[in-house]
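To start, the structure under review is shown below, and the notes come after it.
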Amino acid sequence: MNGLEASEIGALVGLTAAVALLIFFVIRTKIHAVLALVIAASIAGLAAGMAPDAVIQAITTSFGSTLGTIGLVIGMGVMMGRILEVSGAAEKLAYSLIRVLGKGKEEWALAGAGFVISIPIFVDSAFVILQPLVRSLARTSGRSILTLGIALAGGLVVTHHAVPPTPGPLGAAGIFDVNVGEMILWGLILSSPAMIAVTLYAKVMGPKIEAMIERDTGERLSPAEAFEEFQERVAVRERELPGLFISILPILLPIVLIFLNTFSATMVENNEGALPAGLVSTLAFIGNPVIALLLGVLVAIYGLARNQSRQETLDDMEFGVQSAGIILLVTGAGGALGGVLRESGTAESIGQAVAGLPLPTILIPFVIATIVRLIQGSGTVAIITSASISAPILAAMPDVNMVLAAQAAALGSLFFGYFNDSFFWVVNRMLGIKNAKHQILAWSIPTTIAWATTLVALLIANALV
């Protein structure tokens, strides 16, 4: 800090105060996170010496540019997710994975199903949809309900925090201005070890936690019955569900198109004549996240909602969009905070101060997200806050892989899901866990294992790339 001028020190103090107020507003007052982010942006800008009208200009411009990048993608992603939810496509995928993996591997099937389903469907909704399957499998296979429930929740939560078009990581991609295809690819790579680690924890600890609950409370969570009866019920239920191909196509199509666009752009960058110009321009169009998600939604509408009336389908999509409204506002407000930090020069000052610290640069957004997550609970708010603060800082520093930095902001928000996290309550209540000690063992510890696993994976990736 010795090399910083008084004005820069004032900017850093102002940012510290702004972030402290942001956290205070979110956890102690009735002020919503959107309003708190705008207030924090205003304080940070004024403390850095910006004129009031310049602060307003930076807030409004950055809010609009952030949503201009990812607003439509979030909107179409939640439309698709709602159709997958009400059509039974998510259930179909889970049943299919269970049938493929067979008896004795139910926890891996549920973790894998959650890993895919949570990409387009909000994590809370996805768990509620699949929780009856957890109970049914526990009854019919004799497996611990906590083994199955924790594995499912673990698969759901890691991609919810890491893979667009889930709003949190998509917002981080927009704020860091990174390619969505690369964000998806790295999200899948970095979150896969976390899914495996949580599933292993569920397999080992699920029966032990369940035995502890029975010993402490006298309640038994997992009564058993014949596996054959479960297979019969599944056969009846599956006749009511859409086919596997059409169930997974709306998810896979956008991802494949985005990847093809990213691949062709990389090929052209390395060798101008590698691909025909017409193919490159076509892939650039259909592989743009907006168009790719649009095509995915159209496939969902005409493949999964074909038995619904026009009005029912429109109502379902509008219901999904309503749930995305607040996510859009939080993401835009986070972008506004980042814009103020860039325009005021605060980000550059922090970058200079941080550059000499003895820690990998990639840990800056990870640590910020971890702290914000622990304090206020919401993973999405932690991701957006971390990205907003760290993106302009890292942009002023050399040799930073911005995709991994965006993933760091996303993955740091996995830390210790606790009482202030809505998904903590969804998982524990749906599984019938009432005691705080048991709840922490069933969910807070697994999320921390996922967080630690992604930290190791992130550091390895940053060292190699």
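Test Val372 against the stated conditions and say whether it is over 22 Å from Ile121 (Cβ atoms), out of contact with any Ser or Thr (no Cβ under 8 Å at 6 or more places or on another chain) and part of a helix (DSSP H, G or I). Step through it out loud before you land on a result.
Details: over 22 Å from Ile121 (Cβ atoms): yes; out of contact with any Ser or Thr (no Cβ under 8 Å at 6 or more places or on another chain): no; part of a helix (DSSP H, G or I): yes.
No.
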Notebook entry, point to check: Limited to region 281-302, what total is found for residues that are open to solvent by 50 Å² or more (accessible area, probe 1.4 Å) and not in a helix (DSSP H, G or I)?
Noted result: 1
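Kindly indicate which of Ala410, Ala395, Ala405 is touching a His at 6+ places or on another chain (Cβ under 6 Å) and among the hydrophobic types (A, V, I, L, M, F, W, C). If you could, list the steps in order and put the result at the bottom.
On the way: Ala395 fails: touching a His at 6+ places or on another chain (Cβ under 6 Å); Ala405 fails: touching a His at 6+ places or on another chain (Cβ under 6 Å).
When all the criteria are applied, what remains is Ala410.
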Margin query: Testing Ile384 on (1) in a helix (DSSP H, G or I); (2) out of contact with any Pro (no Cβ under 8 Å at 6 or more places or on another chain); (3) open to solvent by 10 Å² or more (accessible area, probe 1.4 Å), one condition comes back false. Which one is that?
Written below: (3)
Next item on the list: Mind listing just one residue for me: the one in region 100-118 that is β-branched (Val, Ile, Thr) and at pLDDT 90 or above and, of those, surrounded by the fewest Cβ atoms within 10 Å (Cβ to Cβ)?
Entry: Val116
Check: Which of the residues spanning region 115-138 are free of Cβ contacts under 8 Å to residues at least 60 places away in the same chain and not hydrophobic (A, V, I, L, M, F, W, C)?
Finding: Ser118, Ser125, Pro132, Arg135
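Give region 257-280 a look and list any residue that's aliphatic (A, V, I, L, M) and open to solvent by 70 Å² or more (accessible area, probe 1.4 Å), or say none.
Initially, region 257-280 is screened for residues aliphatic (A, V, I, L, M), giving 257-258, 260, 265, 267-268, 274-275, 277, 279-280.
Selection gives Leu260, Ala277, Leu279.
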Item checked: Residue within region 83-92 that is over 13 Å from Gly320 (Cα atoms), acidic (Asp, Glu), in contact (Cβ under 8 Å) with a residue 12 or more places away in the chain and touching a helix residue (DSSP H, G or I) at 6+ places or on another chain (Cβ under 6 Å) present -> no
Checklist line | Where a residue in region 374-395 is at pLDDT 90 or above and its partner, wherever it lies, is surrounded by fewer than 24 Cβ atoms within 10 Å (Cβ to Cβ) and of a type in the set (Gly, Ala, Ser), with Cβ under 8 Å and at least six apart | finding: Leu394/Gly351
Next item on the list: Looking at (1) modelled with pLDDT under 85; (2) small (Gly, Ala, Ser); (3) surrounded by fewer than 24 Cβ atoms within 10 Å (Cβ to Cβ), find the lone condition where Ala138 falls short.
Entry: (3)
Notebook entry, point to check: Do you know which of the residues in region 303-324 that are in contact (Cβ under 8 Å) with a residue 12 or more places away in the chain and hydroxyl-bearing (Ser, Thr, Tyr) is most open to solvent (accessible area, probe 1.4 Å)?
Noted result: Ser323
Check: Does Ala452 satisfy being out of contact with any strand residue (DSSP E or B) (no Cβ under 8 Å at 6 or more places or on another chain), surrounded by fewer than 24 Cβ atoms within 10 Å (Cβ to Cβ) and within 16 Å of Gly155 (Cα to Cα)?
Finding: yes
Item checked: Some residue of region 344-362 being in contact with a Ser or Thr (Cβ under 7 Å, 6 or more places away or on another chain) and in a helix (DSSP H, G or I) -> no
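The values are calculated or read from the model by the stated rules, or taken from the named source; none is laboratory data. Model, not experiment: these values are computed from the prediction. Glycine also receives a Cβ, built like all others from the backbone with ideal geometry; neighbour counts cover every protein chain displayed. Accessible surface is based on the protein model in full, side chains and every heavy atom, while ligands, DNA and RNA are left aside. Shrake-Rupley method; radii C 1.70, N 1.55, O 1.52, S 1.80 Å.
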